[in-house]
Structure formats: C-alpha cells, structure tokens
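Student: Can you read through this structure? Questions will come right after.
Read-outs throughout are calculated quantities, based only on the coordinates presented, and are distinct from any laboratory measurement. If you're wondering where the values come from, they're calculated on a predicted model, not measured in any experiment. With ideal geometry, Cβ positions are generated from the backbone for all residues, glycine too; neighbour counts draw on all protein chains shown.
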Amino acid sequence: MTAERSIVPTGSPPASAHRVAELTPDLLLTEEHQMCPGCGEPLALRVLLDTLSQLGVAQRTVAVMGIGCYTSFSGTMDLDLVQALHGRAPSVATGVKRMLPDRVVFTMQGDGDMVNEGLQEVVHTAARGESVTAVLLNNGVFGETGGHMTATSVIGQRTKNTLEGRDAEYHGHPIRIGDLLATLDGSAYVARGSVHNAGAVARTKRMVRRAFESQLRGEGFSFVEILTMCPTGWFVPTAEGPGYMDDTLGQVHTMGELKARPGGGPSDHASGALAPEARPGGGPSDHASGALAPEARPGGGPEGGVGR
Amino acid sequence: MTRRLMEGSEAMAEAAVASGCRFFAGYPMTPFTELLEHLARRLPEVGGVCINAESELEAVGMAWGALATGARAATGSTGQGLSLMQESFSEITLAELPLVVFNMARGQSDYFQATRGGGHGDYRHIVLAPMDIAEAVELTQLAFHLADRWRNPVLVYGDYLLAHTAEAVDVSPMTFAPLPPKDWAVDGSLGGTSRSRTVSSLGVGKVNRPGGGIPAHFEAVVPKQAAITAEEVRVETGFLDDAQHVVVAFGTPAKFVRYVVGQLRAEGVHVGFVRPISLWPFPYEAVAAAAEGVRSVMVFEINGGQMVDDVRIGVQGKAPVVSIGGISTDGSGFGVGPLLDVEVIRGRVEAVVSGQEVPA
Ligand SMILES: Cc1ncc(C[n+]2csc(CCOP(=O)(O)OP(=O)(O)O)c2C)c(N)n1
Ligand code: SF4
Ligand SMILES: [Mg+2]
C-alpha cells in the first residue's frame, strides 16, 4: 500500500490568496507563532489578548508566564510580563499583585506546569482568594518535552511514558483541576472552555471575559481552564486534533462554568451565554461528589451546545 | 540616635523596614521564625505586605514577583528552607532581580550553600555575615543597597545566637550612594505600546526587541561576578603585625575568636585574626597577606570544615592551615553547642600555638 503525501508550504500564503481582513489581535507583536500546525495554544492566546483589549486593561496588566510550549508567547504578547519558572507562576503573580493591587494580573500555565509541577501553588493561591486570574492551557500532555503524561491525561491516553495508554491502576487517575479549585472558598470564578471549534472558542471567550471581570470587581481568585489541541503530543494527524480532543480530554474535563459569584456583571447575564444560575455561589457541596452533574454544565459539555 | 534593647530577629526586621523593604514572604522554621513574626507585624504598619507562604518554594516565588515590580523585597529561612529555594535563587540571579535572603542558619554548616550555591548554573550571591546584632543592622541595610546596586541577590548569614540574643541597638536608616532608576521593572503600564517589558531569567525580550537570546544573556550577566569581586570584599583584621599565628573565623563565632585573640595578645602571644565579613566575595587577599611568614593559619568554624577550603585558596600553601572548629550543637540540633565558648576556643588556639594536637 502506498500513501500519497504532499507537503503544503505554510510559510507564506498561497499565490492565489489575498487578505480580506486584518484580524491580528492588537496585543500581538507578530502574526507568526512558533507552534506546531494544529496547536490549540495560539487560539487560546488570541482569546485572551482580544479579551484584554476589549476590556481596555492592556495598559494596566501584568502577565506571569509558566514554562511550556506557550512560553514562546512571552515574546509575542505586547504586555508587561514576568517569566516564572516551571510551576511557579501563581506565587510570582501573588507578589506582583500584592505590590500592584490596582493592576490586572494573570498567569498562563500548562497542565504540566500547573497541575503537575506547581499544584500546591495554584491551590493555595486560589485558597487565599488572591485577586489574580489563572489561565490554564490544558492539553493533557507535556507538549514541550515531547508528549508525556501529565496529571490531567485521561485514562487510556497514549503518551510517551504511557505507551499502552494511561492505566488507572498503574498511573493513577487524572485530576480535574477546575473542579478542585471550585471547591475552595477563595475562588470566585471557575470555568472550563475549549478551542476545538468555533462555538467553543466563542464560549471560552465569554468565560475569559467573566474571569477578568471578576478580578476587576475584586471578588477573589478567578480561573479559566482552556482545553487546547496538541496533535504532536497526542500522536494524531493535525486535522484529527479537535475530534480526538472532543472524544478524550473533553469527556473527562467537561466544558462549562463551574463557579461564579452571584454578583456577576449584568451585561454577561443578558447575553445568556453562560447561565449564572447553574452554579449560584458554586459552593463546595456541588463538587463533593467529584463528578459533574450534567445540569452543572449549562449548554452542555463538548458533546452538546458548544456550537451555539 | 536612640538605642533600644532588641533581639537580633527584631533588629534585623527593623533594619529591613528602615531599608524600604515592603514585601516579605516566609515559612516558619527555627531560628528564622522570629524574623518572620516581626515582619508580619511590622510590614503592614508601613504599608507593606508579609505573607506566611505555603512553603519556601512559594515564599521565594512571591518575593520574585514583588521584586519584578521594583519593590524592595526579601525572603528567608534556615539553610534547610533555602535548600528548597535553590532553583529560584539561581534563576532569579539570571533575571537580575535584587533579592535579599536571610539565612538564620542552624549553625555554620551552610557556608558551602551560601557561597557556592546549591542550585544549578553559574550564579553567585553576595554573602554578608554579621558577628553581632549591631553589625546585622548595618549589613541588612547594606544588603538591600548592594542588591539594587548590582541587581544581584544578597544573602545575610545569621544564626541562632544572632536571632535569639538581645543587644541595645540603634536602627535608623543609613544613607548610601544614589542608585539608578529601576526602569526594567514592570508596572503593567506599557501593554499595547510596543514597548512592553519582560523580566526574565532567560534574557528573552519581545520579538520586536529580542535581546541577545539565552547564551548572550548568560554571558552578559556572569561577568558581574568579577566586578563584584573587585569592589565588594569586606573584612576585618586585627593584631596581624608581627603575628606568628592567625585565626580566621566568620559570623557570631568570630566575635568569640576576636575576644580570645585579644586576651592572648595581652598575654604576649603573637596571634592575630582575620574575619571575613563578605563570605562571597571572599577576602582572599587579606588571608594571603595575613599568611605571609606565619607558622599557622587556624580556621575556627562551627561545621565539618567548609570555609577552610577558601582559607586554603587564600593561603596558597604559604603556611599550614589547621581546622580548629568542628560540629557542635545543642541537643535540639538548632542551637549553640559547647564549642562556642571562649575557654574552649582559647584552649584550641593555645594548643596549635604550642605545637600540640588540637583536642577533639
Ligand atoms: C523544574 C523543571 N522541571 C522540568 C522542566 C522541563 N519542562 C519544560 S516544559 C515542560 C512541560 C510543559 O508542559 P505544559 O505546562 O503542560 O505545557 P505544554 O508544553 O503542554 O504547553 C517540562 C516538564 C522545567 N523546565 N523545569
Ligand atoms: S507540542 Fe503540542 S502544545 Fe506544543 S506547540 Fe506542538 S501542538 Fe502545541
Ligand atoms: Mg500541556
């Protein structure tokens, strides 16, 4: 059997193409990124930067970056920025925020960075109710080191150190970090979005906005987890990334708003995109079971409603 | 000038406040705990913040964030807690952040950790070792100044005795030479202007102003070590003229040694002392000069023999180097052991002077 392969050069647009609109986010210093084709992280970056522009806070924002593939965004975001070590962004962000309490402070971390190396950092930062927004790019692998299991990898997931798939008996169970953080009294807003299709991107953008609005209202710790494709680390063809994600990570780390303070901004309620009544106050009891009841996911997880 | 009776921990906390330190994060551990307690009380009074961090890893991370905004910030622990912080110590040095670290050590066994660093890479911290509370007040203030001057961490090496004994001291702010503005610090104001700033140990800037990249950054930061070595050596010496024996000691034990040497001199024994105040940069030249023509260079340190390595480097074989210190602690492992005693030290110095073996 012979498979025909062709290599499409992506360094420049095809000759027949012409630009019809300029949609580069204001806060991106370049249109290029250094990520793999099909990577979800640049989409999440775009969601984040567009939100900061729309909120008009770019000139009072400090970014604190973790270490993973997304670290290359440190050089492309037009934001004042502190580069932290692997796992350490929440403590660094705490120091920044305590010295600059009227500034918007956020972290960008991956699942390896946040849920493996720095789990206690994010848990305590949330518990302290630190007024920062943590953005997690969750792809269920250490992308940067080449596709190894993280604490969020799902059962059955093949990685370079779970060659036969993650086995609960041998490798343990995944951590649903959003659910964990939502149980803490110090967290004010917790949501899990995704960038695997246009609808998910739109919903995620509203979550990111609500997280920053929560910070601006001084409610406490806010958290948005964004599921991102990593076809390279999943060992799937680029085009299959979104579907693979939907079928695997998306089934365990289900999309939805996990916690919001009742006083959330009226404009967002009006949009109806994220029903706040789904988790009024989002108390610990909602999460005690460890499982997410379907009604806890307004609009459904990846399997339903994301295309709205 | 007003002098007040204060424990060393309180005096060092007051000195930090007088230096303009406005952020501190730490995790309790004997004998560092009281420094944390005093700062937890004092910093909020002056508009600062002190956080009881969830671990030493977060304590140094929080200080990192505060420093990145241009604030004066510090952390501390004992050597054990500092062991946990080493990854950050190394990288924060490459990020050129002016961290001040207090090691309220359980003895003198952290000399290697302080001067060689337990972390990865080519980094050095300026290390200042006060011998008493009055000097700790000065060196704490100097530490904040030097950290800013060199954009390099400075470690203040204290210990149990310093932390827990009281002296009447004056903690008024000292004045130092003016410092350049912290134009590298982030305040969030330059987003979207194409002039946004990055504080990073990797030396990577933004794509529109990329900087030299990682290797060039390492090559740019590391030469500071030579400049610091040239300018920041601090040492006290005494009775070296016509000395036939020299005793080298640092920190609180050096005050005991200085007293013993003074006693012996009064009795006509030709002995002098060298007290490194900066452990890095180490006063190699002062040690070399003191070793010229003497019969022995003794090293009194309360550990298994660490500074003795630096003394040997300084002496360069010009005289025999003899360790007269040793491991000594109380039953708890935190405190002062029987070796830190004027009579015991005197006995050891006299033994070497008269050509006997040092008693074990
Ligand atoms: C203390 C430490 N351990 C390990 C590493 C190596 N390392 C760099 S990136 C990375 C994984 C990053 O994974 P994640 O945060 O999920 O980001 P991704 O690459 O998947 O976007 C690891 C383990 C490191 N930089 N520091
Ligand atoms: S390895 Fe994965 S996360 Fe990293 S750039 Fe490639 S696709 Fe993205
Ligand atoms: Mg990852």
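Student: Given an 8 Å cut-off on Cα distances and at least 6 residues of separation, report the relative contact order of chain B as a percent.
Tutor: Details: 769 pairs, mean separation 57.5, N = 360.
The normalised contact order for chain B reaches 16 percent.
Student: Still on this structure, please answer the following. Run the numbers on the range A:135-193 and let me know its relative contact order in percent, using alpha-carbon pairs under 8 Å that are six or more apart. Walk me through the intermediate numbers first.
Tutor: Details: 67 pairs, mean separation 12.5, N = 59.
With pairs under 8 Å counted, the relative contact order is 21 percent.
Student: Continuing with this model, one more query. Among the trypsin sites (Lys or Arg not before Pro) within the range B:217-319, which fall in a DSSP loop and have no more than 16 other Cβ atoms within 10 Å of their own Cβ?
Tutor: B:Arg295, B:Lys318
Student: List the GluC sites (Glu not before Pro) in the range A:95-200 that DSSP assigns to loop (not H, G, I, E or B) and whose Cβ has at most 13 other Cβ atoms within 10 Å. Which are they?
Tutor: Details: sites: A:Glu117, A:Glu121, A:Glu130, A:Glu144, A:Glu164, A:Glu169; in loops: A:Glu130, A:Glu144, A:Glu164.
When the GluC sites (Glu not before Pro) of the range A:95-200 are filtered for loop state and at most 13 Cβ neighbours within 10 Å, A:Glu164 remain.
Student: Could you give me the ³J(HN,Hα) list for the range B:188-205, computed from phi with Karplus coefficients 6.51, -1.76, 1.60 and θ = phi - 60°, whole Hz, x at Gly and Pro?
Tutor: Result, ordered by residue: x, 8, 9, x, x, 9, 6, 10, 4, 10, 10, 9, 8, 6, 8, x, 8, x Hz.
Student: Still on this structure: Report, in debye and to the nearest 20, how large the dipole of the range B:21-132 comes out about its Cα centre when Lys and Arg carry +1 and Asp and Glu carry -1 on their Cβ. Can you show the working numbers first?
Tutor: Working: 7 positive and 12 negative charges, 46 e Å.
With Lys and Arg at +1 and Asp and Glu at -1, about 220 debye.
Student: Right, another one. In percent, what relative contact order does the range B:4-169 have, based on Cα pairs under 8 Å that are 6 or more apart in sequence?
Tutor: Values: 367 pairs, mean separation 49.6, N = 166.
Across the range B:4-169, relative contact order equals 30 percent.
Student: What average number of partner chain Cβ atoms lie no more than 10 Å from the Cβ of the residues making up B:203-211? Walk me through the numbers before you get to the answer.
Tutor: Numbers: counts 1, 5, 3, 9, 11, 5, 2, 1, 1.
Partner-chain Cβ atoms within 10 Å, mean over residues of B:203-211: 4.
Student: Is there a quick way to get the dipole size of the range B:236-353? I mean about its Cα centre, with the Cβ of Lys and Arg at +1 and of Asp and Glu at -1; what is the value in debye to the nearest 20? Please list the in-between numbers first.
Tutor: Working: 9 positive and 13 negative charges, 11 e Å.
Computed about the Cα centre, the dipole is about 60 debye.
Student: For chain B, set up a GNM with springs between Cα atoms under 10 Å and report which of B:Thr30, B:Thr198, B:Thr75 has the largest fluctuation.
Tutor: Looking only at B:Thr30, B:Thr198, B:Thr75, the largest GNM fluctuation is found for B:Thr198.
Student: May I ask you to evaluate 6.51 cos²θ - 1.76 cosθ + 1.60, the Karplus curve with θ = phi - 60°, for each residue of the range B:218-230 and list the ³J(HN,Hα) values in order in whole Hz, giving x for glycine and proline?
Tutor: 4, 5, 7, 7, 4, x, 4, 4, 5, 5, 5, 4, 6
Student: Distance between Cα centroids, the range A:93-143 to the range B:193-209: provide it in whole Å.
Tutor: Spelled out, the Cα-based centre of one part sits 21 Å from the other.
Student: Let me know the longest stretch in chain B that avoids all GluC sites (Glu not before Pro) found in a DSSP loop with at most 11 other C-beta atoms within 10 Å.
Tutor: Values: sites that count: B:Glu267, B:Glu357.
Maximal segment without exposed cleavage sites: B:1-266.
Student: Using +1 at the C-beta of Lys and Arg and -1 at the C-beta of Asp and Glu, which of B:Gln356, B:Gly117, B:Phe273 has the Cα lying farthest in the positive direction of the dipole of chain B?
Tutor: Positive-end residue among those listed: B:Gly117.
Student: Give the residue from A:Val201, A:Trp234, A:Thr183 lying farthest towards the positive end of the charge dipole for the range A:169-258; charges sit on Cβ (+1 for Lys and Arg, -1 for Asp and Glu) and the dipole is referred to the Cα centre.
Tutor: The residue sitting most towards the positive pole is A:Val201.
Student: Compute the separation of the alpha-carbon centres of the range B:220-262 and the range B:1-30 and state it in Å as a whole number.
Tutor: 25 Å
Student: What order do you get for A:Leu119, B:Leu36 when you list them from fewest to most C-beta neighbours inside 10 Å? Kindly include the intermediate steps, with their values, before the conclusion.
Tutor: Values: A:Leu119 17, B:Leu36 27.
With the sparsest Cβ surroundings first, the list reads A:Leu119, B:Leu36.
Student: Counting only residues 5 or more places away or on other chains, whose amide H sits under 5 Å from the amide H of B:Arg234 once H atoms are built in the peptide plane?
Tutor: The answer is B:Ile277, B:Ser278.
Student: Can I ask one more? For the range A:249-255, take each phi angle, set θ = phi - 60°, evaluate the Karplus expression 6.51 cos²θ - 1.76 cosθ + 1.60, and give the result in whole Hz per residue in order, putting x for glycine and proline.
Tutor: Each residue's phi maps through the Karplus curve to give 3, x, 7, 9, 9, 7, 6 Hz.
Student: Under 5 Å between amide hydrogens, which residues at least 5 positions from A:Val82 or on another chain qualify, with H placed 1.01 Å from N in the peptide plane?
Tutor: Placed amide hydrogens put A:Ala63, A:Val64, A:Met65, B:Val199 under 5 Å from A:Val82.
Student: Hey, another quick one. I'd like the mean, over residues of B:88-95, of how many other protein chain beta carbons sit within 10 Å of each residue's own Cβ.
Tutor: 2
Student: Loop only by DSSP, 14 or fewer other Cβ within 10 Å of the Cβ. Give me the trypsin sites (Lys or Arg not before Pro) in the range A:87-182 that pass, ordered by residue number. Present the calculation step by step, with values, prior to reporting the outcome.
Tutor: On the way: sites: A:Arg88, A:Lys97, A:Arg98, A:Arg103, A:Arg128, A:Arg158, A:Lys160, A:Arg166, A:Arg176; in loops: A:Arg88, A:Arg103, A:Arg128, A:Arg158, A:Lys160, A:Arg166, A:Arg176.
Sites meeting the loop and neighbour criteria: A:Lys160.
Student: Testing the spin-label approximation: label points 7 Å from Cα along Cα→Cβ at B:Asp122 and B:Arg4. State their distance in nm.
Tutor: Going by the 7 Å Cα→Cβ label model, 4.6 nm.
Student: Classify the protein assembly as shown from the C-alpha gyration tensor, please: rounded if a/c falls under 1.5, else prolate or oblate depending on whether a/b exceeds b/c. Display every interim value, and only then the final one.
Tutor: On the way: a/c = 2.38, a/b = 2.18, b/c = 1.09.
It comes out prolate by the Cα gyration axes.
Student: Amide H neighbours of B:Val336 under 5 Å, at least 5 residues apart or on other chains, H built in the peptide plane: list them.
Tutor: Residues meeting the criterion, in which the H sits 1.01 Å from N, are B:Asp330.
Student: Order of A:Leu28, A:Leu48 from fewest to most other C-beta atoms within 10 Å? Write out the running numbers ahead of the final one.
Tutor: Values: A:Leu28 20, A:Leu48 28.
Taking fewest neighbouring Cβ atoms as first place, the list is A:Leu28, A:Leu48.
Student: Mind checking the dipole of the protein assembly as shown: about its Cα centre, +1 per Lys or Arg Cβ, -1 per Asp or Glu Cβ, Debye to the nearest 20?
Tutor: Working: 52 positive and 73 negative charges, 250 e Å.
Once rounded to the nearest 20, the dipole reads 1200 debye.
Student: As a quick test, which of the pairs A:Lys97/A:Lys205; B:Lys182/B:Lys224; A:Lys205/A:Lys259; B:Lys224/B:Lys318; A:Lys205/B:Lys182 have an alpha carbon distance above 25 angstrom in this structure?
Tutor: Details: A:Lys97/A:Lys205 23 Å; B:Lys182/B:Lys224 18 Å; A:Lys205/A:Lys259 16 Å; B:Lys224/B:Lys318 30 Å; A:Lys205/B:Lys182 35 Å.
Among A:Lys97/A:Lys205; B:Lys182/B:Lys224; A:Lys205/A:Lys259; B:Lys224/B:Lys318; A:Lys205/B:Lys182, the Cα-Cα distance tops 25 Å for B:Lys224/B:Lys318; A:Lys205/B:Lys182.
Student: Follow-up. Select from B:Leu36, B:Gly314, B:Phe239 the residue farthest towards the positive end of the dipole of the protein assembly as shown; place +1 on Cβ of Lys and Arg, -1 on Cβ of Asp and Glu, and compute about the Cα centre.
Tutor: B:Leu36
Student: Neighbouring Cβ atoms within 10 Å as the yardstick, rank B:Ser9, A:Ser6 fewest first. Mind dumping the intermediate values first?
Tutor: Working: B:Ser9 27, A:Ser6 4.
So the residues, fewest neighbours to most, are A:Ser6, B:Ser9.
Student: Follow-up. Relative to the longest principal Cα axis of chain B, at what angle does helix B:133-150 sit, 0 to 90 degrees, rounded to 10?
Tutor: 40 degrees
Student: Still on this structure: Enter the mean number of other protein chain beta carbons within 10 Å of the beta carbon of each residue in B:41-51, as an integer. Don't jump to the answer; show the numbers that get you there.
Tutor: Working: counts 0, 0, 0, 0, 0, 0, 0, 2, 6, 1, 6.
Partner Cβ neighbours, averaged per residue: 1.
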